[in-house]
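The structure appears below as structure tokens.
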Amino acid sequence: MAFAKAVYDRRVELGLTQTQLAERSGLTQAKISRVEGADTVPTLPLLRRPTLALNASLNIALDDDHEEVTFTAHPAA
């Protein structure tokens, strides 16, 4: 669920629609919808594609009772 929220938050921050993110990442809009709805178990390749499309690095912190997923924006070129 944390990855889903992080993708949604970053996409909205960039002002992108699900369709635009799908085009940037080479995924379908339906797949982006499933990612944001936490309806899919992300593999490493699936984690990578929207992360690169969102121009960011993905940070995942896991602990016994806490998980945190954040994107760190890459500096503008």
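Values in this text are rule-based calculations from the coordinates and carry no lab data. None of the values given here were measured: they were computed from a predicted structure. Neighbour counts are summed over all protein chains in view; Cβ atoms, including those assigned to glycine, are modelled from backbone coordinates with ideal geometry.
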Could you say which residue among ALA76, ALA53, ALA30, ALA4 is under 9 Å from the mean Cα position of the chain (by Cα) and surrounded by fewer than 18 Cβ atoms within 10 Å (Cβ to Cβ)?
-> ALA4
Mind counting the residues in segment 20-64 that are part of a helix (DSSP H, G or I), among the charged types (D, E, K, R) and free of Cβ contacts under 8 Å to residues at least 24 places away in the same chain?
-> 4
Name the residues in segment 24-77 that are under 14 Å from MET1 (Cβ atoms), of a type in the set (A, V, I, L, M) and in contact with a helix residue (DSSP H, G or I) (Cβ under 6 Å, 6 or more places away or on another chain), would you?
-> VAL35, ALA38, VAL69
